[in-house]
Amino acid sequence: MTTTTTMTAVNPTASRRRKGGGQDAVGRGPREGVIPRTAAFLVMGVFTLYFLTPIWWLLIASTKDRGDLFSTNPLWFADFRFFENVGALVAYRDGVYLRWLLNSLLYAGVGAVVATLLASMCGYALAKYRFPGRETLFNVVLGGVLVPATALALPLFLLFSQVQLTNTFWAVFLPSIVSPFGVYLSRVFAEASVPDELLEASRLDGAGEVRTFFTVSIRLMFPALVTVFLFQFVSIWNNFFLPLIMLRSEELFPVTYGLYAWNSTINQFPELRTFVLVGSLLSIVPLIITFLLLQRYWRTGLGTGALK
Amino acid sequence: MTTSPSIAGIAGAAAAPDAPVQKRKRPRVQNPWAIVAFVAPFALVFTLFYVIPIGYAVWQSMLVVEREGTFGEAREVFGGFAQYALVFQNTAFWSSVGRVFLFGIVQVPVMLGLALLFALLLDSPLLRGKKFFRLAFFVPYAVPGVIAAIMWGFLYSPNLSPFEAVTSQVDFLSSDLVLWSIANVVTWVFVGYNMLIIYSTLLAIPGDIYEAARLDGAGQARIAWSIKIPLIRPALVLTGVLSIIGTLQLLAEPQTFRSFSSAVTSTYTPNMTIYATSSIPNVSLAAAFSVVLALATFVLSFTFLRITRRKAAAS
């Protein structure tokens, strides 16, 4: 083999990927020729364009005023009006857009925190204790994973209208705090990462079960908790049917539903077009930042959910 | 909700049976109330917002509205399976089911095939700059369905698109193509997500497994096909089930596309039919649609799990 140079170039990345594993990536050894490497790079390069061009376009579009949007190169800057656009968006209708962003953060942020806590306690108990009905409970929860959330939206609407909860904050918030998938993931992860010996030791020290969970186990389960939190966060943030069916008052809308509503009236109110574009761009920034900040945790948890 | 043994299928498919973990005797718990404290909160919200709504939907779907005379007061009375008979006669609903079915059998394999290809490339020594590609491919997952649909809607529109040369030739929003334009949006959002699930599973395979294959002279393609893919089958099954559920739930993207394309009707997908029916309002019929759709999702996911597990057992 003549690839000594590539060997040194590739190997560090290959072995660094395995955190603390100490294994060498033998099977991923660096013996491949130039053609397969070029082909691999081309495939990934072309798809990078596919994935990033729409976002790039959105970024450019939100820096333009209405005239430039149609008359200038859609993939390059013209007159830079980004801050004017943001200012106009924020000022429009007494800052209803900011209100929507705040709503989304409440629905998704607080909702996902509560959902993660409830799901992890339940998953942890399923993993670490034996009690009557344990398997039944787990199977029912797994059945819940298979029930599509949108199939629940209508019956929830009917029930909530019986107790006069439709068109309130609670109508969207309460159903979001249930995460069957979170229970499943927490159980798998607690089994793998919380040793019984540790619980026993903690008991000998006189700590109660609940206290042990909150001081010891929850730390060991952290990657799983981050994963559950993020996926619940994204699914609440993206949930469309529930706000669509539950909410009538504009001031309760989450940001996605608000932008949808604006987009549906663009033909009557063309000035909304810029707001929809700038608003869309701003609304995806918080998610991207959250993912970036937490990625070293959630990727660990992600692997746990799907392996074995 | 059923608790038949087959329900454990998803557990078995996604994680190994946990028998080995339970070999050892568990330490005794001093205070059994702790278990209640852990389980009860979730059990409560799960009952309130999952179990009861499903039960209520089933009950509601059995009701029919009856009037005394033409202008009499409407009352709801038990009507057995009358609504379900209407469901089966509703051609708009069944054509929406057919549409998402067609959508699913094309989009799901394409998306998962791409996700698998990207994950294998990321896991092979062929590629550099893995961190960058991983991130770039995953970014669309942070874009909500509605926003992604708005964005692509603009990109497809003949007069707004940056790719006017293409969109002036091909009408992506025409009735022939709009389904596939939506499929592209869904693929764009979810490929990276599925890629990461598969890739994380690949990373968990110990490297020395490949050693023997290496010594026998197997190349990367051969190793991927004969070793990696069989080992990550559970992750493929998981992503498959999630994608099937996702396809049947299709709502945000087509609903948003209605402002770009008149080809998307108010009953374009089953969920849109449910929404349209509930806002007429005919809640009993809408409830019956919901029940049928939830059952269909359940059955399809199960069938898929069964088939893929049988294959796994055979090989």
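The values are calculated or read from the model by the stated rules, or taken from the named source; none is laboratory data. All figures in this text were calculated on a predicted structure; none of them were measured in a lab. Please note: Cβ atoms are built from the backbone with ideal geometry, for glycine as well, and neighbour counts cover all protein chains shown. Only protein heavy atoms, including side chains, enter the accessible area calculation; ligands, DNA and RNA are left aside. Shrake-Rupley method; radii C 1.70, N 1.55, O 1.52, S 1.80 Å.
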Send over a whole-number figure in Å² for the accessible area per residue of the range A:32-95, probe 1.4 Å.
-> 55
The range A:177-308 - percent of accessible surface contributed by carbon and sulfur, probe 1.4 Å | 63
Based on a Kirkwood Rh over C-alpha pairs, give the Stokes-Einstein translational diffusion coefficient of the range A:110-154 at 37 °C and viscosity 0.692 mPa s in µm²/s.
-> 274
If A:288, B:105 are ordered by their accessible area, calculated over protein heavy atoms with a 1.4 Å probe, which sequence runs from highest to lowest?
-> B:105, A:288
Tell me, what is a quarter of the convex hull surface for the C-alpha atoms of chain A, in nm² with one decimal?
-> 23.2
Scalar couplings 3J(HN,Hα) for the range A:273-278 by Karplus 6.51 cos²θ - 1.76 cosθ + 1.60 (θ = phi - 60°), nearest whole Hz, x for Gly and Pro, are 4, 4, 5, 4, 5, 4
For the range B:114-229, alpha-carbon Rg and Dmax in angstrom | 18.7, 58
Quick one: Cα centre-to-centre distance for the range A:147-170 and the range B:241-255, in angstrom?
-> 20
Consider just the alpha-carbon atoms of the range A:188-308 and return their Rg together with their Dmax, both in angstrom.
-> 21.2, 70
Once you put a point 7 Å from the Cα of residue A:91 and another 7 Å from the Cα of residue B:110, both along the Cβ direction, what distance in nm separates them?
-> 4.4
Accessible area of residue B:94, 1.4 Å probe, to the nearest 10 Å²?
-> 90
Could you tell me the distance between the Cα centroids of the range B:198-238 and the range A:200-253, to the nearest Å?
-> 33
222 nm [θ] for chain B, helices only, -39500 (n - 2.57) per DSSP H run of 4+, per residue, to 500?
-> -19500 deg cm²/dmol
Before anything else, pin down the relative contact order of chain A: Cα pairs under 8 Å, at least 6 apart, normalised by residue count, whole percent.
-> 23
Please compute the Cα-Cα pair-distance distribution of chain B with 10 Å bins starting at 0, giving whole percents from short to long.
-> 5, 19, 25, 24, 17, 8, 2, 0, 0
Toy charge model, Lys and Arg Cβ at +1, Asp and Glu Cβ at -1: the range B:175-311 dipole around Cα centroid in debye, rounded to 20, equals 360
For chain B, which longest stretch is free of loop sites, where a loop site is one of the trypsin sites (Lys or Arg not before Pro) that DSSP puts outside H, G, I, E and B and that has at most 13 other Cβ atoms within 10 Å?
-> B:29-315
In 10 Å bins starting at 0, how do the alpha-carbon pair distances of the range B:187-229 split up by percent?
-> 25, 43, 24, 7
Kirkwood Rh over Cα pairs of the range A:88-184 into Stokes-Einstein at 25 °C, 0.890 mPa s: D in µm²/s?
-> 157
For q = 0.21, 0.34 Å⁻¹, Debye-computed log10 I/I(0) when each Cα of the range A:232-275 counts as one equal scatterer | -0.72, -1.16
For the range B:256-310, go through all pairs of different Cα atoms, get the mean of 1/r, take its inverse, and jot down that Kirkwood value in Å.
-> 12.9
Averaged per residue, what accessible area in Å² does the range A:250-300 show with a 1.4 Å probe, protein chains only?
-> 39
Between residue A:53 and residue B:208, take the C-beta separation as r, use R0 = 35 Å, and let me know the FRET efficiency to the nearest 0.05.
-> 0.30
For the range B:92-149, the accessible surface attributable to carbon and sulfur atoms (probe 1.4 angstrom, ligands and nucleic acids excluded) amounts in percent to 79
Summing -39500 (n - 2.57) over every DSSP H run of at least 4 residues in chain A and dividing by its residue count gives a helix-only mean residue ellipticity at 222 nm, to the nearest 500 deg cm²/dmol, of -22000 deg cm²/dmol
In µm²/s, what is D for the protein assembly as shown at 10 °C and 1.306 mPa s, where D = kT/(6 pi eta Rh) by Stokes-Einstein and Rh is the Kirkwood radius from Cα pairs?
-> 61
Please give, to one decimal in nm, the separation of the simple spin-label points placed at residue A:80 and residue A:131, each 7 Å out from Cα toward the Cβ.
-> 5.9
Linear extension gain, residue A:169 paired with residue A:35, 0.36 nm per residue minus alpha-carbon span | 42.5 nm
What nm distance separates the two modelled labels at residue A:220 and residue B:102, each placed 7 Å from Cα along Cα→Cβ?
-> 5.4
Comparing the chain by itself with all protein chains present, which residues of the range A:159-180 are at least 40 Å² less accessible (probe 1.4 Å)?
-> A:159, A:178
Once A and B are treated as a pair rather than alone, how much accessible area drops out, both sides summed, in Å² to 100, probe 1.4 Å?
-> 10900
